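Here the structure is laid out as C-alpha cells; the discussion comes afterwards.
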Amino acid sequence: MSMDNQQRSSTTWDVTIEEIEALIAGIDRPLITDLVKHSPHLQRHVFPGFRPSRLPWSQVPPRLAREVENNPARFDDLVEMWIASNEELLDEIADIPTEHLREILAELLARYGVENRLQVLWALRIDGREKIQEALEAGLAEEISDETSHLLSQAQQHVLALTLEAARAQVADLQNQLAEAKSDLGDNRRLLQRKNEQFENSQAEVERLQEEREQLKAQIEEQAYSLEALAAEQNRTREQLREEQAKTEELRRSVRDLKETLRVQMASSRQEETQHKLNDALLRLEEERKEAAELRLRLSKVEQKLEEAYAKRDAEQARSDQLVQRLQRLEYDKGVIIEEKRRLTGRVEKLQEELRSAREQLQERAINEVLARLPWDELDERWLEEREAVRDHLCTMIGAVQSQDDVASAPMDKWESWAQWMEVESTLLQDILTSLEKADEDSLNTLKQAQGLLTLRWYLLECTRQVILAQLQETLFTL
C-alpha cells in the first residue's frame, strides 16, 4: 500500500490512546531516538531533561501518545516508523488469504502472542486490501482488542496446542536423555565392574608379591647367617693355616739347625745317628707339607663356597629389588585404579541423580499434562448428578429425624450442604454425647438413626471417590 493510501486511511481510523501506545511500543528504539534527536520540540516539551540516547523507555509510549493527541500531524510519522520496524509482520499479513482470515489470524496471534494483539491489529489496518478493512469495520478490530472474544479464545487454544506440542517435544527429549543416561550409566557400571576386577586382581598380585618378598627376606637372612658361619669357618681355617705355617717355619729352622749340626758332626762318630734324625725331620716336614696342602685345599673350597654364596646373595638381592620395583608399580597402579574408581563412582552418582531428576520431571510433566486435559466440566456434571442421587436417597432415610421440607430446602452449594450435614449429625449425636445416665429407648433410637446417618455419610464419600476414580481412569485411558 502506498504512503498516500496510508495517510488517507489513517484519517478514518478510530483509535484509542491504548492503541496509539501499542503502535509506539512496536517501533524500534533507534528510530525513536533519531526522531527525538531531530525534533527540538520533543526534546524541550515531551522529554525535558533527557538526552535522545538515554530516553525513559517505559514512559516513551504514553508521552508520545499524549503528543499525538495534541499534534495529530505526527501520527503519520509514527505509522511510517512502525511500518519500517515491522516489515516481517506486514509480509505475513499480506500473505493471508481473505477467505480464511479468521482461522489464520488466530494462528498468527498464537505465534506472536496474545499480548501483542494490538500490533497485529495495526498490521491489519495498514494492509490495503478492501475485504480486510471491511472485516475490521464489521467487528474484527473489536474482537482483537477484546480479551474475552471468540477469536482470542481460538488463539489461546492455538497457544495451548503449541505449548502442549513443545511440552511433548521436551518430554521426548527428556526421555531420549533418560535413555542415554541409562545407557551411560550401564556403560559406567560395566567399566566400574571391570576396574573393580582389575583392582581385586592387582590386590591379589600385591599380596602374592608381598609374601614372596617376605620369603626372600627370610632366605636372605638365612643366607646371611650362612655367610657369617662360612666367614667364621674361613677365619678359623686361616688361623689354623697360619699356625701350621708357623710350625712349618719352625721345622725349617730346626732342619737348618740340624743340617748345620750335621755338617759340624760329620766327622764325628755319631754320623749315623745324625742321619737318622735328619731322615725323621724330613719325614715330619713331608707330613707338615701334606697337612698344609690339605689346609690350602680346604681354604680354596671355603673361598669357592663363599663366592657362590655372595653370587647367590647378589642374585637374591637383584630379584628382591625387581620385586620391590614391581610392587611399587602395582601400588601406583592401585592408586590410579582407586582414583579412577572414585571418579567413576562420582560420575555414576551424578548420572543417578540426573536420572532421578529426569524421572521426576517426566512424572511432573505427565501429571500436569493429564490434569490439563481432564474434562473438569464433565466431572462437575457427574458430581452434581451423584450428589442429587445421594441427596434424594438421604431425604428418604432422614424423614424420621427431620421433615422432608427441611432436607429438600438444603442449599445446592457444596460447602453449605456439607455444613448442613454436620449440623444434622451433631443434632443426632447430641443426646448420646451429653448424657451421663443410662440410655433409654429414645436414646437407642436416636443412636440407631445416628449410626444409619454415619453409614450413609460413608456411603456418600465412597461413592464420590469411586466416581472420581472412574472418571480419572477413563480420562487416562483416552490419553
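Each value in this text was obtained by applying a stated rule to the coordinates, not by laboratory testing. Because the structure is a prediction, the values reported are computed rather than measured. Here Cβ is always computed from backbone atoms with ideal geometry, including for glycine, and neighbour counts include all displayed protein chains.
Overview of values
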read-out	value
For the stretch 173-370, alpha-carbon Rg relative to the globular expectation (2.2 N^0.38 Å, N residues)	2.55
Added length on full extension, which subtracts the Cα-Cα distance from 0.36 nm per residue, Arg319 to Lys350	6.6 nm
Computed P(r) (all Cα pairs; the stretch 3-164; 5 Å bins; percent)	2, 8, 18, 20, 19, 14, 10, 6, 3, 1, 0
Inter-label distance for Glu286 and His100, nm, one decimal - labels placed 7 Å from Cα along Cα-to-Cβ	14.1 nm
Simple spin-label estimate for Asn70 and Arg252 in nanometres, 7 Å along Cα-Cβ	14.4 nm
Using a Förster distance of 51 Å, the FRET efficiency for Glu165-Arg44 (Cβ separation, nearest 0.05)	0.45
Nonlocal amide H pairs with Val15, under 5 Å, H built at 1.01 Å	none
3J(HN,Hα) from dihedral phi, the stretch 307-322, Karplus parametrisation 6.51/-1.76/1.60, rounded to Hz, x for glycine, proline	5, 4, 5, 5, 5, 5, 5, 4, 5, 5, 5, 4, 5, 5, 4, 4
R0 of 56 Å, Cβ-Cβ distance Thr261-Glu222: FRET efficiency to nearest 0.05	0.45
Length released on extending from Ala470 to Ala229, taking residue separation times 0.36 nm less the Cα-Cα span	76.9 nm
For Val255, Val46, order by how many other beta-carbon atoms lie within 10 Å, fewest first	Val255, Val46
Fully extended contour minus Cα-Cα distance, from Asn116 to Leu362, at 0.36 nm per residue	85.4 nm
Loop-resident sites, the stretch 25-93, for chymotrypsin sites (Phe, Trp or Tyr not before Pro), counting at most 12 other Cβ within 10 Å (DSSP)	Trp57
Order by protection proxy (mean Cβ within 10 Å, highest first), peptides 153-160, 336-343	153-160, 336-343
